[in-house]
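In what follows, a structure is listed as C-alpha coordinates, so that the remarks can point back to it.
The values are calculated or read from the model by the stated rules, or taken from the named source; none is laboratory data. Note that the structure is a prediction, hence the values are computed from the model and not measured. Note that we place each Cβ from the backbone using ideal geometry, even for glycine, and neighbour counts take in every protein chain shown.
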Amino acid sequence: MSTKAVTVIGGGMAGMSAALALSSQGHAVTLIEQHERLGGKLRQATFGDQRIDCGPTVFTLKPVFDRLFGLVNERIEDHVNLKQANILARHFWLDHAPFDLYSNVDKTCEQVDAVFNAQEADNYRKFASQTQAVFDTLDHTFMQTQKPTPLSLTFSHGLTGVLKLWQTQPFKTLWASLAKDFNSPHIRQLFARYATYCGSSPFQAPATLMLIAHAERQGVWYLEDGMYSLVQAIQRLMEKQNVHILLNTKVTNIASNANGSVKSVTINNAQTRLADAVVFAGDTADLTAGSFGKRPQQAVPSRTDASLSAITRSELATTEGLQLSHHNVFFSDNYPLEFEELFEQQRVPSHPTLYVCAQDRGDAKDIDGPERLFTLANAPATPLSDEVIQQTVSSIPTWLKQYGLALESNVVPKSDSPNTFAQLFPSTQGALYGRPTHGMMGSFQRPGSRSRLKGLYLAGASVHPGAGIPMVCLSGMLAADAVQQDS
Ligand SMILES: Cc1cc2nc3c(=O)[nH]c(=O)nc-3n(C[C@H](O)[C@H](O)[C@H](O)COP(=O)(O)OP(=O)(O)OC[C@H]3O[C@@H](n4cnc5c(N)ncnc54)[C@H](O)[C@@H]3O)c2cc1C
(Lines give C-alpha, C1' and ligand atoms only; values in the text may rest on other atoms or scores of the structure.)
Protein backbone atom coordinates (compact mmCIF):
# COMPACT_ATOMS: atom_id res chain seq x y z
CA MET A 1 0.00 0.00 0.00
CA SER A 2 1.21 3.50 -0.83
CA THR A 3 0.03 6.85 0.44
CA LYS A 4 -1.56 8.99 -2.20
CA ALA A 5 -2.29 12.63 -2.88
CA VAL A 6 -6.09 12.55 -2.94
CA THR A 7 -8.33 15.44 -3.97
CA VAL A 8 -11.92 15.36 -2.71
CA ILE A 9 -14.32 17.54 -4.73
CA GLY A 10 -17.25 18.79 -2.65
CA GLY A 11 -17.42 19.72 1.03
CA GLY A 12 -20.86 18.28 1.84
CA MET A 13 -21.24 15.50 4.41
CA ALA A 14 -20.09 12.90 1.85
CA GLY A 15 -16.92 14.78 0.88
CA MET A 16 -16.07 15.61 4.49
CA SER A 17 -16.56 11.97 5.53
CA ALA A 18 -14.38 10.77 2.64
CA ALA A 19 -11.68 13.34 3.48
CA LEU A 20 -11.64 12.41 7.18
CA ALA A 21 -11.55 8.68 6.41
CA LEU A 22 -8.75 9.13 3.82
CA SER A 23 -6.71 11.21 6.25
CA SER A 24 -7.08 8.46 8.86
CA GLN A 25 -5.52 6.06 6.32
CA GLY A 26 -2.48 8.33 6.01
CA HIS A 27 -3.22 9.86 2.60
CA ALA A 28 -2.44 13.52 1.85
CA VAL A 29 -5.92 14.95 1.38
CA THR A 30 -7.14 18.19 -0.19
CA LEU A 31 -10.85 18.99 0.11
CA ILE A 32 -12.19 21.52 -2.40
CA GLU A 33 -15.54 23.30 -1.93
CA GLN A 34 -16.94 25.89 -4.31
CA HIS A 35 -18.96 27.74 -1.66
CA GLU A 36 -17.64 29.84 1.21
CA ARG A 37 -18.47 27.23 3.84
CA LEU A 38 -18.56 23.47 4.26
CA GLY A 39 -21.72 21.39 4.73
CA GLY A 40 -23.35 21.43 1.29
CA LYS A 41 -27.08 20.84 1.78
CA LEU A 42 -26.55 20.94 5.53
CA ARG A 43 -27.07 24.70 5.83
CA GLN A 44 -28.46 27.40 8.10
CA ALA A 45 -30.57 30.51 7.55
CA THR A 46 -29.56 33.51 9.64
CA PHE A 47 -31.81 36.09 11.31
CA GLY A 48 -29.58 38.47 13.32
CA ASP A 49 -27.83 36.25 15.87
CA GLN A 50 -30.39 33.44 15.43
CA ARG A 51 -29.59 30.50 13.16
CA ILE A 52 -32.14 28.07 11.76
CA ASP A 53 -31.24 24.72 10.20
CA CYS A 54 -32.73 24.91 6.72
CA GLY A 55 -31.39 21.62 5.33
CA PRO A 56 -31.46 18.26 7.10
CA THR A 57 -33.06 18.33 10.55
CA VAL A 58 -33.61 14.64 11.34
CA PHE A 59 -30.47 12.95 12.67
CA THR A 60 -30.60 9.14 12.64
CA LEU A 61 -28.28 6.09 12.48
CA LYS A 62 -25.82 7.44 15.03
CA PRO A 63 -23.66 4.26 14.75
CA VAL A 64 -22.58 5.47 11.28
CA PHE A 65 -21.18 8.66 12.87
CA ASP A 66 -19.68 6.67 15.76
CA ARG A 67 -17.76 4.79 13.10
CA LEU A 68 -16.66 7.96 11.27
CA PHE A 69 -15.43 9.70 14.44
CA GLY A 70 -13.89 6.38 15.58
CA LEU A 71 -11.64 6.37 12.49
CA VAL A 72 -9.70 9.24 14.08
CA ASN A 73 -10.07 7.84 17.61
CA GLU A 74 -12.70 10.34 18.66
CA ARG A 75 -16.28 10.05 19.99
CA ILE A 76 -19.08 12.10 18.49
CA GLU A 77 -20.45 12.77 22.00
CA ASP A 78 -17.27 14.71 22.83
CA HIS A 79 -17.78 17.05 19.87
CA VAL A 80 -21.55 17.41 19.34
CA ASN A 81 -24.22 18.06 21.95
CA LEU A 82 -26.61 15.13 21.35
CA LYS A 83 -29.90 14.31 23.02
CA GLN A 84 -32.00 11.30 22.07
CA ALA A 85 -35.63 12.08 21.17
CA ASN A 86 -38.39 10.22 22.91
CA ILE A 87 -41.10 11.32 20.47
CA LEU A 88 -39.92 10.64 16.90
CA ALA A 89 -42.54 12.93 15.37
CA ARG A 90 -46.02 14.36 16.00
CA HIS A 91 -48.52 13.82 13.16
CA PHE A 92 -51.59 15.90 12.31
CA TRP A 93 -54.45 15.30 9.88
CA LEU A 94 -57.43 17.41 8.89
CA ASP A 95 -59.88 14.62 9.82
CA HIS A 96 -58.16 12.75 12.65
CA ALA A 97 -56.71 13.26 16.12
CA PRO A 98 -52.93 13.92 16.35
CA PHE A 99 -50.65 10.95 16.84
CA ASP A 100 -47.16 10.70 18.39
CA LEU A 101 -44.73 8.06 17.16
CA TYR A 102 -42.23 6.95 19.83
CA SER A 103 -38.88 5.23 19.59
CA ASN A 104 -40.19 2.70 22.11
CA VAL A 105 -42.44 0.06 20.49
CA ASP A 106 -44.60 -0.52 23.60
CA LYS A 107 -45.20 3.20 24.01
CA THR A 108 -46.18 3.52 20.33
CA CYS A 109 -48.53 0.53 20.65
CA GLU A 110 -50.23 2.21 23.63
CA GLN A 111 -50.59 5.38 21.57
CA VAL A 112 -51.93 3.52 18.50
CA ASP A 113 -54.44 1.77 20.74
CA ALA A 114 -55.55 5.10 22.26
CA VAL A 115 -55.70 7.13 19.03
CA PHE A 116 -56.69 4.35 16.58
CA ASN A 117 -57.65 0.93 17.99
CA ALA A 118 -56.33 -2.33 19.48
CA GLN A 119 -56.22 -4.13 16.12
CA GLU A 120 -53.97 -1.40 14.67
CA ALA A 121 -51.75 -1.56 17.77
CA ASP A 122 -51.32 -5.26 17.05
CA ASN A 123 -50.61 -4.50 13.41
CA TYR A 124 -48.01 -1.93 14.45
CA ARG A 125 -46.19 -4.44 16.67
CA LYS A 126 -45.96 -6.86 13.70
CA PHE A 127 -44.82 -4.01 11.42
CA ALA A 128 -42.09 -3.04 13.91
CA SER A 129 -40.61 -6.53 13.90
CA GLN A 130 -40.95 -6.79 10.11
CA THR A 131 -39.08 -3.48 9.62
CA GLN A 132 -36.35 -4.63 12.01
CA ALA A 133 -35.94 -7.86 10.01
CA VAL A 134 -35.63 -5.90 6.74
CA PHE A 135 -33.10 -3.52 8.31
CA ASP A 136 -31.01 -6.37 9.76
CA THR A 137 -31.05 -8.21 6.42
CA LEU A 138 -29.77 -5.22 4.45
CA ASP A 139 -27.63 -3.25 6.91
CA HIS A 140 -24.27 -4.96 6.26
CA THR A 141 -24.88 -6.74 2.97
CA PHE A 142 -26.42 -3.76 1.18
CA MET A 143 -25.98 -0.39 2.89
CA GLN A 144 -22.41 -0.88 4.09
CA THR A 145 -21.16 -2.72 0.99
CA GLN A 146 -19.52 -1.45 -2.21
CA LYS A 147 -22.00 -1.47 -5.14
CA PRO A 148 -24.15 -4.51 -4.40
CA THR A 149 -26.12 -6.16 -7.23
CA PRO A 150 -29.15 -8.46 -6.84
CA LEU A 151 -26.79 -11.38 -7.54
CA SER A 152 -24.06 -10.34 -5.07
CA LEU A 153 -26.72 -9.71 -2.45
CA THR A 154 -28.18 -13.19 -2.99
CA PHE A 155 -24.72 -14.78 -2.78
CA SER A 156 -23.83 -12.89 0.39
CA HIS A 157 -26.96 -14.22 2.08
CA GLY A 158 -26.56 -17.82 0.89
CA LEU A 159 -29.42 -20.22 0.25
CA THR A 160 -31.03 -19.77 3.66
CA GLY A 161 -30.92 -16.01 3.28
CA VAL A 162 -32.90 -15.95 0.04
CA LEU A 163 -36.15 -16.15 1.98
CA LYS A 164 -35.04 -13.22 4.16
CA LEU A 165 -34.26 -11.21 1.03
CA TRP A 166 -37.67 -12.07 -0.40
CA GLN A 167 -39.22 -10.76 2.82
CA THR A 168 -37.67 -7.33 2.19
CA GLN A 169 -40.42 -7.09 -0.50
CA PRO A 170 -38.49 -5.47 -3.37
CA PHE A 171 -41.27 -6.46 -5.80
CA LYS A 172 -44.05 -4.62 -4.02
CA THR A 173 -44.52 -0.87 -3.65
CA LEU A 174 -44.33 0.65 -0.18
CA TRP A 175 -47.92 1.84 -0.54
CA ALA A 176 -49.23 -1.63 -1.51
CA SER A 177 -47.36 -3.24 1.36
CA LEU A 178 -48.74 -0.74 3.91
CA ALA A 179 -52.26 -1.31 2.60
CA LYS A 180 -51.81 -4.93 3.69
CA ASP A 181 -50.17 -4.06 7.03
CA PHE A 182 -52.66 -1.46 8.31
CA ASN A 183 -56.40 -0.79 8.02
CA SER A 184 -56.11 2.88 8.88
CA PRO A 185 -55.41 5.13 5.88
CA HIS A 186 -53.78 7.57 8.32
CA ILE A 187 -51.20 5.09 9.59
CA ARG A 188 -50.49 3.97 6.03
CA GLN A 189 -49.85 7.58 5.04
CA LEU A 190 -47.58 8.11 8.04
CA PHE A 191 -45.20 5.28 7.09
CA ALA A 192 -45.56 5.86 3.33
CA ARG A 193 -43.96 9.29 3.86
CA TYR A 194 -40.63 7.56 4.52
CA ALA A 195 -40.25 7.19 0.72
CA THR A 196 -39.78 10.98 0.56
CA TYR A 197 -36.65 10.68 2.75
CA CYS A 198 -34.90 9.63 -0.44
CA GLY A 199 -36.92 11.91 -2.71
CA SER A 200 -39.23 9.15 -3.93
CA SER A 201 -42.93 8.40 -4.23
CA PRO A 202 -44.43 5.70 -1.96
CA PHE A 203 -46.51 4.67 -4.98
CA GLN A 204 -43.36 3.72 -6.91
CA ALA A 205 -40.76 2.99 -4.21
CA PRO A 206 -40.18 -0.61 -3.12
CA ALA A 207 -41.62 -1.73 0.21
CA THR A 208 -38.00 -2.33 1.29
CA LEU A 209 -37.87 1.36 2.29
CA MET A 210 -39.93 0.42 5.34
CA LEU A 211 -36.51 -0.20 6.94
CA ILE A 212 -36.38 3.58 7.56
CA ALA A 213 -39.04 3.02 10.25
CA HIS A 214 -36.58 0.79 12.11
CA ALA A 215 -33.68 3.20 11.52
CA GLU A 216 -35.72 5.94 13.23
CA ARG A 217 -36.75 3.65 16.05
CA GLN A 218 -33.09 2.98 16.77
CA GLY A 219 -32.81 6.65 17.60
CA VAL A 220 -33.60 10.15 16.38
CA TRP A 221 -31.27 12.65 18.00
CA TYR A 222 -31.54 16.40 18.60
CA LEU A 223 -28.32 18.28 18.04
CA GLU A 224 -28.77 20.88 20.77
CA ASP A 225 -26.46 23.39 19.06
CA GLY A 226 -28.11 22.81 15.67
CA MET A 227 -27.36 20.38 12.85
CA TYR A 228 -24.57 22.64 11.61
CA SER A 229 -22.56 21.81 14.78
CA LEU A 230 -21.93 18.42 13.12
CA VAL A 231 -20.26 20.14 10.14
CA GLN A 232 -18.17 22.29 12.49
CA ALA A 233 -17.10 19.23 14.49
CA ILE A 234 -15.98 17.30 11.39
CA GLN A 235 -14.22 20.41 10.04
CA ARG A 236 -12.22 20.67 13.30
CA LEU A 237 -11.25 16.99 13.07
CA MET A 238 -10.17 17.40 9.44
CA GLU A 239 -8.01 20.37 10.39
CA LYS A 240 -6.44 18.31 13.19
CA GLN A 241 -5.75 15.58 10.62
CA ASN A 242 -4.05 18.16 8.34
CA VAL A 243 -6.66 17.92 5.58
CA HIS A 244 -5.99 20.89 3.29
CA ILE A 245 -9.36 22.66 2.90
CA LEU A 246 -9.90 25.06 0.00
CA LEU A 247 -13.13 27.09 0.15
CA ASN A 248 -14.55 29.37 -2.55
CA THR A 249 -12.76 27.14 -5.04
CA LYS A 250 -14.46 25.38 -7.92
CA VAL A 251 -13.05 22.34 -9.68
CA THR A 252 -13.57 22.93 -13.40
CA ASN A 253 -11.78 19.96 -14.98
CA ILE A 254 -10.54 16.48 -14.11
CA ALA A 255 -7.68 15.40 -16.39
CA SER A 256 -6.26 11.94 -16.99
CA ASN A 257 -2.93 10.73 -18.35
CA ALA A 258 -2.17 8.65 -21.45
CA ASN A 259 -2.86 5.34 -19.70
CA GLY A 260 -6.30 6.57 -18.82
CA SER A 261 -6.00 7.26 -15.13
CA VAL A 262 -6.75 10.49 -13.30
CA LYS A 263 -3.73 12.78 -12.93
CA SER A 264 -4.94 16.27 -11.94
CA VAL A 265 -7.80 18.67 -11.36
CA THR A 266 -8.10 22.26 -12.56
CA ILE A 267 -9.45 24.82 -10.13
CA ASN A 268 -11.27 28.03 -11.06
CA ASN A 269 -10.43 27.37 -14.76
CA ALA A 270 -6.87 28.42 -13.98
CA GLN A 271 -4.64 26.37 -11.73
CA THR A 272 -3.77 22.68 -12.12
CA ARG A 273 -3.24 20.50 -9.04
CA LEU A 274 -1.77 17.02 -9.38
CA ALA A 275 -3.72 14.17 -7.80
CA ASP A 276 -3.13 10.39 -7.63
CA ALA A 277 -6.83 9.89 -6.96
CA VAL A 278 -9.93 12.07 -6.98
CA VAL A 279 -13.12 11.50 -4.98
CA PHE A 280 -16.01 13.34 -6.60
CA ALA A 281 -18.60 14.08 -3.88
CA GLY A 282 -20.97 16.33 -5.82
CA ASP A 283 -23.97 15.07 -7.79
CA THR A 284 -23.01 12.65 -10.61
CA ALA A 285 -25.42 14.61 -12.86
CA ASP A 286 -22.66 17.25 -12.96
CA LEU A 287 -20.14 14.67 -14.23
CA THR A 288 -22.48 13.42 -16.98
CA ALA A 289 -23.34 17.03 -17.93
CA GLY A 290 -19.69 17.34 -19.03
CA SER A 291 -18.69 19.95 -16.44
CA PHE A 292 -15.31 18.26 -15.86
CA GLY A 293 -14.39 17.20 -19.42
CA LYS A 294 -15.07 14.30 -21.78
CA ARG A 295 -13.55 11.35 -19.92
CA PRO A 296 -15.24 12.12 -16.58
CA GLN A 297 -18.48 12.58 -18.52
CA GLN A 298 -18.41 8.89 -19.45
CA ALA A 299 -17.30 7.73 -16.03
CA VAL A 300 -20.85 7.09 -14.77
CA PRO A 301 -24.18 6.25 -16.42
CA SER A 302 -26.39 9.29 -16.96
CA ARG A 303 -29.86 9.36 -15.46
CA THR A 304 -33.12 10.82 -16.68
CA ASP A 305 -35.43 10.53 -13.68
CA ALA A 306 -35.19 13.11 -10.90
CA SER A 307 -35.88 12.81 -7.20
CA LEU A 308 -37.92 15.39 -5.32
CA SER A 309 -36.97 18.97 -4.64
CA ALA A 310 -38.57 21.19 -1.97
CA ILE A 311 -39.96 24.59 -1.14
CA THR A 312 -38.93 25.64 2.34
CA ARG A 313 -39.70 28.49 4.72
CA SER A 314 -37.50 29.48 7.68
CA GLU A 315 -38.68 32.06 10.22
CA LEU A 316 -38.98 33.24 13.80
CA ALA A 317 -42.66 33.05 14.68
CA THR A 318 -45.14 32.73 17.51
CA THR A 319 -47.50 29.76 17.38
CA GLU A 320 -50.86 29.16 18.98
CA GLY A 321 -53.59 26.55 18.92
CA LEU A 322 -51.58 23.30 18.73
CA GLN A 323 -48.82 21.87 20.88
CA LEU A 324 -45.89 21.25 18.57
CA SER A 325 -43.15 18.68 19.14
CA HIS A 326 -39.66 19.07 17.59
CA HIS A 327 -40.60 17.18 14.39
CA ASN A 328 -44.17 17.64 13.13
CA VAL A 329 -45.98 16.47 10.01
CA PHE A 330 -49.23 17.92 8.68
CA PHE A 331 -50.61 15.43 6.17
CA SER A 332 -52.54 16.32 3.03
CA ASP A 333 -55.93 14.64 2.67
CA ASN A 334 -55.14 13.08 -0.72
CA TYR A 335 -51.74 11.37 -0.87
CA PRO A 336 -52.23 9.71 -4.31
CA LEU A 337 -53.08 13.13 -5.80
CA GLU A 338 -50.11 14.78 -4.08
CA PHE A 339 -47.64 12.35 -5.66
CA GLU A 340 -49.35 12.44 -9.04
CA GLU A 341 -48.94 16.23 -8.98
CA LEU A 342 -45.29 15.93 -7.91
CA PHE A 343 -44.08 13.23 -10.28
CA GLU A 344 -46.51 13.06 -13.23
CA GLN A 345 -47.75 16.65 -13.48
CA GLN A 346 -44.43 18.12 -12.21
CA ARG A 347 -46.18 20.83 -10.23
CA VAL A 348 -46.36 21.97 -6.63
CA PRO A 349 -49.17 20.00 -4.96
CA SER A 350 -52.45 21.88 -4.59
CA HIS A 351 -52.38 20.94 -0.89
CA PRO A 352 -48.93 19.65 0.10
CA THR A 353 -48.05 17.66 3.19
CA LEU A 354 -45.98 19.99 5.41
CA TYR A 355 -43.08 19.05 7.66
CA VAL A 356 -42.50 21.60 10.44
CA CYS A 357 -39.34 21.49 12.54
CA ALA A 358 -39.84 23.50 15.75
CA GLN A 359 -36.14 23.80 16.51
CA ASP A 360 -36.38 25.16 20.04
CA ARG A 361 -38.60 22.33 21.24
CA GLY A 362 -37.64 18.97 22.70
CA ASP A 363 -40.12 16.22 23.54
CA ALA A 364 -42.03 18.19 26.14
CA LYS A 365 -40.50 21.66 26.11
CA ASP A 366 -43.06 24.44 25.72
CA ILE A 367 -42.20 27.81 24.24
CA ASP A 368 -43.37 31.24 25.20
CA GLY A 369 -42.79 33.86 22.51
CA PRO A 370 -41.18 33.61 19.06
CA GLU A 371 -39.51 30.34 18.12
CA ARG A 372 -37.37 29.05 15.25
CA LEU A 373 -39.45 27.22 12.66
CA PHE A 374 -38.47 25.46 9.44
CA THR A 375 -41.25 24.21 7.15
CA LEU A 376 -40.77 22.00 4.09
CA ALA A 377 -43.17 21.06 1.29
CA ASN A 378 -42.07 18.59 -1.38
CA ALA A 379 -41.81 20.07 -4.87
CA PRO A 380 -40.86 18.70 -8.29
CA ALA A 381 -37.27 19.16 -9.47
CA THR A 382 -38.12 21.59 -12.20
CA PRO A 383 -37.77 25.38 -12.58
CA LEU A 384 -40.78 27.17 -11.06
CA SER A 385 -42.04 30.69 -11.63
CA ASP A 386 -41.41 33.24 -8.87
CA GLU A 387 -45.17 33.59 -8.58
CA VAL A 388 -45.69 29.87 -7.80
CA ILE A 389 -42.85 29.89 -5.27
CA GLN A 390 -44.11 33.04 -3.53
CA GLN A 391 -47.65 31.75 -3.48
CA THR A 392 -46.56 28.43 -1.94
CA VAL A 393 -44.38 30.09 0.71
CA SER A 394 -47.11 32.55 1.68
CA SER A 395 -49.82 29.84 1.74
CA ILE A 396 -48.01 27.83 4.43
CA PRO A 397 -49.60 29.70 7.40
CA THR A 398 -53.03 29.40 5.73
CA TRP A 399 -52.64 25.63 5.29
CA LEU A 400 -51.39 25.21 8.87
CA LYS A 401 -54.37 27.20 10.15
CA GLN A 402 -56.68 24.53 8.69
CA TYR A 403 -55.18 22.03 11.20
CA GLY A 404 -55.57 24.52 14.06
CA LEU A 405 -52.07 26.03 14.16
CA ALA A 406 -51.97 29.83 14.07
CA LEU A 407 -48.54 31.09 13.07
CA GLU A 408 -47.43 34.68 13.16
CA SER A 409 -44.03 35.52 11.77
CA ASN A 410 -41.80 38.13 13.45
CA VAL A 411 -39.48 38.40 10.46
CA VAL A 412 -39.64 38.24 6.68
CA PRO A 413 -39.35 34.46 6.14
CA LYS A 414 -36.44 33.09 4.08
CA SER A 415 -37.10 30.35 1.59
CA ASP A 416 -35.51 27.88 -0.82
CA SER A 417 -37.02 26.36 -3.94
CA PRO A 418 -36.02 24.08 -6.83
CA ASN A 419 -34.60 27.26 -8.44
CA THR A 420 -32.25 28.14 -5.56
CA PHE A 421 -31.25 24.49 -5.03
CA ALA A 422 -30.43 24.23 -8.76
CA GLN A 423 -28.14 27.27 -8.44
CA LEU A 424 -26.40 25.94 -5.32
CA PHE A 425 -25.91 22.39 -6.59
CA PRO A 426 -24.99 22.43 -10.29
CA SER A 427 -26.67 20.23 -12.93
CA THR A 428 -29.23 18.81 -10.46
CA GLN A 429 -32.18 21.00 -11.54
CA GLY A 430 -32.93 21.17 -7.84
CA ALA A 431 -33.30 17.38 -7.32
CA LEU A 432 -32.11 16.96 -3.75
CA TYR A 433 -31.59 13.22 -3.45
CA GLY A 434 -29.93 12.05 -6.70
CA ARG A 435 -31.92 9.31 -8.46
CA PRO A 436 -35.29 8.39 -6.92
CA THR A 437 -35.60 4.87 -5.47
CA HIS A 438 -38.36 3.71 -7.79
CA GLY A 439 -39.05 0.13 -8.85
CA MET A 440 -37.39 -3.06 -7.73
CA MET A 441 -34.04 -2.11 -9.30
CA GLY A 442 -34.15 1.50 -8.01
CA SER A 443 -31.72 0.80 -5.17
CA PHE A 444 -29.23 -0.95 -7.45
CA GLN A 445 -29.00 1.72 -10.15
CA ARG A 446 -26.82 4.17 -8.26
CA PRO A 447 -23.13 3.98 -9.14
CA GLY A 448 -20.79 2.55 -6.50
CA SER A 449 -17.56 4.02 -5.13
CA ARG A 450 -15.49 3.23 -8.25
CA SER A 451 -16.28 5.04 -11.51
CA ARG A 452 -15.39 3.81 -14.99
CA LEU A 453 -12.43 6.24 -15.01
CA LYS A 454 -9.41 4.81 -13.19
CA GLY A 455 -8.55 6.89 -10.13
CA LEU A 456 -11.92 8.68 -10.05
CA TYR A 457 -14.00 7.60 -7.04
CA LEU A 458 -17.53 8.64 -6.10
CA ALA A 459 -19.37 9.58 -2.94
CA GLY A 460 -22.59 11.43 -2.12
CA ALA A 461 -26.34 11.23 -2.31
CA SER A 462 -26.39 10.29 -6.01
CA VAL A 463 -24.28 7.17 -5.44
CA HIS A 464 -24.75 4.02 -3.35
CA PRO A 465 -26.23 3.73 -0.69
CA GLY A 466 -28.21 6.94 -1.45
CA ALA A 467 -29.41 10.15 0.17
CA GLY A 468 -29.64 11.26 3.78
CA ILE A 469 -26.73 12.31 5.95
CA PRO A 470 -25.92 8.88 7.41
CA MET A 471 -26.07 7.29 3.95
CA VAL A 472 -23.76 9.86 2.34
CA CYS A 473 -21.41 9.54 5.29
CA LEU A 474 -21.30 5.77 4.56
CA SER A 475 -20.65 6.53 0.87
CA GLY A 476 -17.70 8.76 1.86
CA MET A 477 -16.19 6.00 3.99
CA LEU A 478 -16.82 3.43 1.22
CA ALA A 479 -15.02 5.69 -1.29
CA ALA A 480 -12.05 6.01 1.08
CA ASP A 481 -11.97 2.22 1.47
CA ALA A 482 -11.94 1.83 -2.33
CA VAL A 483 -9.01 4.28 -2.66
CA GLN A 484 -7.16 2.38 0.06
CA GLN A 485 -7.83 -1.03 -1.52
CA ASP A 486 -6.50 0.23 -4.87
CA SER A 487 -3.36 1.79 -3.35
C1 LIG B 1 -34.20 20.74 2.68
C2 LIG B 1 -33.52 19.41 2.91
C3 LIG B 1 -33.92 18.62 3.98
C4 LIG B 1 -33.28 17.40 4.22
N5 LIG B 1 -33.63 16.67 5.34
C6 LIG B 1 -32.86 15.61 5.70
C7 LIG B 1 -32.99 15.05 7.00
O8 LIG B 1 -33.79 15.50 7.80
N9 LIG B 1 -32.18 14.00 7.33
C10 LIG B 1 -31.23 13.51 6.47
O11 LIG B 1 -30.51 12.58 6.84
N12 LIG B 1 -31.08 14.05 5.23
C13 LIG B 1 -31.86 15.09 4.84
N14 LIG B 1 -31.66 15.70 3.63
C15 LIG B 1 -30.72 15.09 2.67
C16 LIG B 1 -29.27 15.39 3.03
O17 LIG B 1 -29.13 16.74 3.35
C18 LIG B 1 -28.40 15.08 1.82
O19 LIG B 1 -28.62 13.76 1.35
C20 LIG B 1 -26.91 15.20 2.16
O21 LIG B 1 -26.64 16.35 2.95
C22 LIG B 1 -26.14 15.26 0.85
O23 LIG B 1 -24.77 15.38 1.13
P24 LIG B 1 -23.71 15.27 -0.05
O25 LIG B 1 -22.39 15.50 0.57
O26 LIG B 1 -23.93 14.03 -0.84
O27 LIG B 1 -24.08 16.44 -1.07
P28 LIG B 1 -24.11 18.01 -0.88
O29 LIG B 1 -24.53 18.36 0.49
O30 LIG B 1 -24.90 18.52 -2.03
O31 LIG B 1 -22.58 18.45 -1.05
C32 LIG B 1 -21.95 18.49 -2.28
C33 LIG B 1 -20.98 19.64 -2.23
O34 LIG B 1 -20.14 19.60 -3.39
C35 LIG B 1 -19.88 20.93 -3.78
N36 LIG B 1 -19.44 20.91 -5.17
C37 LIG B 1 -20.13 20.39 -6.22
N38 LIG B 1 -19.41 20.56 -7.36
C39 LIG B 1 -18.26 21.17 -7.01
C40 LIG B 1 -17.13 21.62 -7.75
N41 LIG B 1 -17.04 21.47 -9.06
N42 LIG B 1 -16.10 22.22 -7.08
C43 LIG B 1 -16.17 22.38 -5.73
N44 LIG B 1 -17.24 22.01 -4.99
C45 LIG B 1 -18.27 21.40 -5.62
C46 LIG B 1 -21.21 21.63 -3.56
O47 LIG B 1 -21.06 23.02 -3.47
C48 LIG B 1 -21.66 21.00 -2.24
O49 LIG B 1 -21.23 21.75 -1.13
C50 LIG B 1 -32.27 16.93 3.35
C51 LIG B 1 -31.89 17.72 2.26
C52 LIG B 1 -32.49 18.96 2.06
C53 LIG B 1 -32.00 19.83 0.95
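Of all residues in region 338-385, those satisfying the criterion of being farther than 23 Å from Gly404 by Cα and part of a helix (DSSP H, G or I) are Phe339, Glu340, Glu341, Leu342, Phe343, Glu344.
Inside region 36-85, residues that are assigned to a strand (DSSP E or B) and within 26 Å of Leu247 (Cβ to Cβ) make up a count of 10. If I ask for residues that are away from the ligand (no atom under 14 Å from the Cβ) and more than 31 Å from the chain's Cα centre (by Cα), which ones from region 230-275 would you list? Passing the criteria: Ser256, Asn257, Ala258, Asn259, Gly260, Ser261, Lys263, Thr272, Leu274.
Ala317 falls short on exactly one of the conditions (1) in a helix (DSSP H, G or I); (2) more than 23 Å from the chain's Cα centre (by Cα); (3) buried (at least 18 other Cβ atoms within 10 Å of the Cβ), and that condition is (1).
Scanning region 425-435 for residues that are crowded, with 24+ Cβ neighbours inside 10 Å and at pLDDT 90 or above yields Thr428, Gly430, Ala431, Leu432, Tyr433. More than 9 Å from the ligand (Cβ to nearest atom), in contact with a Leu (Cβ under 6 Å, 6 or more places away or on another chain) and either charged (D, E, K, R) or touching a residue at least 60 places away in the same chain (Cβ under 8 Å) (or both), is that true of Phe65? No: the conditions fail for Phe65. Among the criteria (1) outside any helix (DSSP H, G or I); (2) over 28 Å from Leu373 (Cβ atoms); (3) within 15 Å of the ligand (Cβ to nearest atom), the one Asp286 does not fulfil is (1). Could you please find all residues in region 1-50 being acidic (Asp, Glu) and touching a residue at least 60 places away in the same chain (Cβ under 8 Å)? The answer is Glu33, Glu36.
For every residue, the table says whether it meets (1) crowded, with 21+ Cβ neighbours inside 10 Å; (2) among the basic types (Lys, Arg); (3) out of contact with any Pro (no Cβ under 8 Å at 6 or more places or on another chain); (4) part of a strand (DSSP E or B).
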{"site": "Gln204", "(1), (2), (3), (4)": "no, no, no, no"}
{"site": "His214", "(1), (2), (3), (4)": "no, no, yes, no"}
{"site": "Asp225", "(1), (2), (3), (4)": "no, no, yes, no"}
{"site": "Gln235", "(1), (2), (3), (4)": "no, no, yes, no"}
{"site": "Ile245", "(1), (2), (3), (4)": "no, no, yes, yes"}
{"site": "Val279", "(1), (2), (3), (4)": "yes, no, yes, yes"}
{"site": "Ser291", "(1), (2), (3), (4)": "no, no, no, no"}
{"site": "Pro301", "(1), (2), (3), (4)": "no, no, no, no"}
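Put simply, of Thr154, Thr160, Thr168 the only residue that is out of contact with any strand residue (DSSP E or B) (no Cβ under 6 Å at 6 or more places or on another chain), at pLDDT below 95 and in a loop (DSSP other than H, G, I, E, B) is Thr168. Residue pairs whose Cβ atoms lie under 7 Å apart, sitting 6 or more positions apart in sequence or on different chains, and linking a residue in region 129-146 that is within 16 Å of Thr60 (Cβ to Cβ) to a partner that is at pLDDT 80 or above and not in a helix (DSSP H, G or I), are Met143/Pro465. Picking from residues in region 316-341 that are aliphatic (A, V, I, L, M) and out of contact with any strand residue (DSSP E or B) (no Cβ under 6 Å at 6 or more places or on another chain), the one that is modelled with the lowest pLDDT is Leu322. Among the residues of region 442-453, are any over 16 Å from Cys198 (Cα atoms) and without any contact (Cβ under 8 Å) to a residue 12 or more places away in the chain? The answer is no, given that none of the residues of region 442-453 is over 16 Å from Cys198 (Cα atoms) and without any contact (Cβ under 8 Å) to a residue 12 or more places away in the chain. Taking the residues in region 345-400 that are surrounded by 14 or more Cβ atoms within 10 Å (Cβ to Cβ) and of a type in the set (Lys, Arg) as candidates, determine which candidate is farthest from Tyr102 (Cα to Cα). The qualifying residue farthest from Tyr102 (Cα to Cα) is Arg347. Mind counting the residues in region 68-99 that are of a type outside the set (S, T, N, Q), more than 30 Å from Val411 (Cα to Cα) and in contact (Cβ under 8 Å) with a residue 60 or more places away in the chain? Selection size over region 68-99: 10. Just so you know, in region 386-424 the residues that are in contact with a Leu (Cβ under 8 Å, 6 or more places away or on another chain) and assigned to a loop (DSSP other than H, G, I, E, B) include one that is farthest from the ligand (Cβ to nearest atom), and it is Gly404. In the set (1) in contact with an Asp or Glu (Cβ under 9 Å, 6 or more places away or on another chain); (2) more than 10 Å from the ligand (Cβ to nearest atom); (3) modelled with pLDDT of 95 or more; (4) of a type in the set (Gly, Ala, Ser), Gly12 fails one condition alone, (2).
For region 463-479, the condition of being over 12 Å from the mean Cα position of the chain (by Cα), away from the ligand (no atom under 12 Å from the Cβ) and not in a loop (DSSP other than H, G, I, E, B) holds for at least one residue. Filter region 32-62 down to the residues that are more than 12 Å from the ligand (Cβ to nearest atom), over 19 Å from Arg361 (Cβ atoms) and not charged (D, E, K, R) and list them by number. Passing the criteria: Thr46, Gly48.
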